[in-house]
1. Is it the case that R204 is charged (D, E, K, R), in contact (Cβ under 8 Å) with a residue 24 or more places away in the chain and out of contact with any Pro (no Cβ under 7 Å at 6 or more places or on another chain)?
2. Could you run through the range 152-194 and say how many residues are surrounded by fewer than 20 Cβ atoms within 10 Å (Cβ to Cβ), in a helix (DSSP H, G or I) and β-branched (V, I, T)?
3. Can you go through L82, L89, L117 and tell me which one is at pLDDT below 80 and in a helix (DSSP H, G or I)?
4. Considering the range 125-135 alone, what residues qualify as being surrounded by 14 or more Cβ atoms within 10 Å (Cβ to Cβ) and at pLDDT below 85?
Amino acid sequence: MPPILILGAGLVVLILIIFGVILLRRSEDDPLAARIDEFAAREEATSIEEIELSMPITDRIFLPIVRRASSLVVRMTPQTALENTARQLELAGNPRNMSAAEFWVARGFATIGFAALTVMLMLRFDQPTNKVILYSLGAALLGFFLPSMLIRSMTDRRKQAIVKKLPDALDLMTICVDAGLTFNSAMQKVDEKWDDALAKEFGRVIYEMQLGKSRRQALKDMVERMDVPDVTSFIAAVLQADQLGVGIGKVLRIQSEQMRLRRRQRAEEKAQQAPVKMLFPMIFLIFPSIFIVLLGPAGFQVMRSSALGSAF
């Protein structure tokens, strides 16, 4: 019986790994549509069946299964949970263009995969049943919360990158506006010059404005997507200046100086926190090594002298 369970758990883990790879390499474009465009560019007479057979097996078989599972998750998961997940993914920058339903599918795969892998390992080493159940439940909880922890970590890193890049972007926009460009053109210059989260958000604002959305609404939507206090204050100052008719160049210059001041204050704050953060590694890692190097020879000499004294 245990070899059968081990084989079944191994197959489950293999299938879940395949689905995980599909979710990680997923793009927003439809694979079939992309392959049709590729064959159309070659100007070759091919049928739909040949185009489908030329696609990888993951796109032909497993990707539709993932999409069916996503639609099933949409029907079974509460709408509030999907909205909260979509909000978290948006704050993280929409990694892999993953939807909320696909994130819950990946979460389910991780939960089952961690539990199946734990069961397989525990049965392999002939552990008792109570331990197998206990550890498999712990692994399932880890697999359930691990994707959410990863998304939260990606969100924090994205916010830190935006805060770090904002003063430089405002300096560039100030130079562009002083040179005679409009505020929209200055945002487009930032998008063209850099390839980071802040530049992509400016580019998205320009794209939404080209589709017909007002600049005020596009900037407000950008603030909601980023959820960074510095960006919120900057956009509020821009919208207030636009409403009152104040020159945008003056606003950008003031905001640029304030953002540089805040960045310097954050650097000073981290420098003040460095000694406290270094205290625990020094106590538990560095000081014991120093004590061993300095007091080790003296300890051996004391032991040797005591051994000689007891011999006499």
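The values are calculated or read from the model by the stated rules, or taken from the named source; none is laboratory data. Since this is a predicted model, take the numbers as computed values, not measurements. Don't worry about glycine lacking a Cβ; one is built from the backbone with ideal geometry, like all the others, and counts go over all protein chains shown.
1. Details: charged (D, E, K, R): yes; in contact (Cβ under 8 Å) with a residue 24 or more places away in the chain: no; out of contact with any Pro (no Cβ under 7 Å at 6 or more places or on another chain): yes.
So R204 fails the test.
2. Counting residues in the range 152-194 that are surrounded by fewer than 20 Cβ atoms within 10 Å (Cβ to Cβ), in a helix (DSSP H, G or I) and β-branched (V, I, T) gives 3.
3. None of the other options fit; the residue is L117.
4. Listed by number, the residues that qualify are Q127, V132.
Residue by residue, here is whether (1) out of contact with any helix residue (DSSP H, G or I) (no Cβ under 8 Å at 6 or more places or on another chain); (2) within 30 Å of T118 (Cα to Cα) holds:
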residue: M154; (1), (2): no, yes
residue: K164; (1), (2): no, no
residue: G212; (1), (2): yes, no
residue: V231; (1), (2): no, no
residue: G247; (1), (2): no, no
